[in-house]
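Input: a single structure, listed below in structure tokens.
Derivation of every value follows stated rules applied to the coordinates shown; laboratory data play no part. Every value quoted in this text rests on a predicted model; they were computed, and no experiment measured them. Every residue, glycine as well, gets a Cβ built from its backbone with ideal geometry; the counts of neighbours run over all protein chains shown.
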Amino acid sequence: MTPLINHRSLKDQVYEYLREQMRRGKLKPGEEIKMDKTAQILGISKTPLRDALLQLAMENFVTIKPRRGVYVNPLTLEDIKNAYEIIGALESLAILKAGPHLTEKDIDNMARLIENMRKAIARDDFDSYYEKNLDFHNIYLNRCSNPELIRIVNTLKKRLYDFPRQSTFIKEWEESSIEEHENLLSLLRQRKYEEAARYIRDVHWSFEVQKKFILQYYPQAASSGSHQR
């Protein structure tokens, strides 16, 4: 049997394979990940699979239950609220650190990305909107000189938006989000970094401000309330 996994960086490749299965909805919340079957499908030993599962557990994608198995975690409303609070706090800090280092080219690129987001929404292309949205935030995140902050933010965003990625979107939410991006960019243009930091935390990443859209976008989480695993 020819392995599906290239033997370079096995753990990372297994991790990406499992994340892709979650992103596509092939591995669903609450489902057990069968180690024997998965290792056989990939043509690998259990060691890189265990290592990948440990990383997924650290990132809260799965729960490892000793002698019982590995299960894909559901995304609860409490998970979403916590993620919003953490991302808001960290992106606020990133803006304070990155703001003085943003160049005119950075600002122009952010403006271009907003326009591309608007065009993506007009043609109902959520995947393109999603990627341009990430690119917008990554401009100031990458200027903050804190790789660990960036890693945490990116992991939480994967859990929020790729678990699995929704095939549809809420147009009113995305249009509101574009307006928020424009407001943020205006503050950055004016070098009002403290105001921009508060805005990203208290508006854009505020669970309470975004709650009506969150409840629509995550109906399963909304129906489960704050149920904990």
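Structural remarks
- Here's how it looks for VAL62: its modeled amide H is under 5 Å from those of ALA57, ASN73, which are all 5 or more places away or on a different chain.
- Unit charges at the beta carbon, dipole of the chain: most positive-side option, LEU42, ILE107, GLN190: LEU42
- Cα-based helix-to-principal-axis angle, 147-161 vs the chain, degrees rounded to 10: 80
- Relative contact order computed over the stretch 77-224 (Cα-Cα under 8 Å; 6+ residues apart), in percent: 41
- Ranking of MET117, MET58 by neighbouring Cβ atoms within 10 Å, starting from the fewest: MET58, MET117.
- Counting other Cβ atoms within 10 Å as a rough exposure proxy, the listed residues THR63, THR38, THR47 run THR47, THR63, THR38 from fewest neighbours to most.
- Cα-based reach from LYS11 at 25 Å (exclusive), listing lysines while leaving out same-chain residues under 8 positions away: LYS26, LYS28, LYS34, LYS37, LYS46, LYS65, LYS157, LYS158
- Debye, to nearest 20: dipole size of the chain, +1 on Lys, Arg Cβ, -1 on Asp, Glu Cβ: 920
- With Cα atoms, 0 to 90° folded angle of helix 77-98 axis to the chain main axis: 50
- Remark on TYR218: its backbone amide H falls under 5 Å from none of the residues 5 or more positions apart or on other chains, H modelled at 1.01 Å from N.
- Relative exposure of ARG19, ARG189, ARG24, judged by other C-beta atoms within 10 Å (fewest first): ARG24, ARG189, ARG19
- Highest-MSF residue in the chain out of PRO147, PRO48, PRO66 [GNM, Cα springs under 10 Å]: PRO66
- Efficiency of FRET between LYS192 and GLU131 - r from beta-carbon atoms, R0 22 angstrom, step 0.05: 0.20
- Whole-Hz ³J(HN,Hα) from phi, Karplus 6.51 cos²θ - 1.76 cosθ + 1.60, for the stretch 9-24, glycine and proline x: 6, 4, 4, 5, 5, 5, 4, 5, 4, 5, 5, 5, 5, 5, 4, 8
- Just checking the listed ones, GLY43, GLY30, GLY88: in the Gaussian network model of the chain with Cα springs under 10 Å, the one fluctuating most is GLY43.
- Trypsin sites (Lys or Arg not before Pro) restricted to the stretch 70-130 and DSSP loop, no more than 15 other C-beta within 10 Å: ARG123
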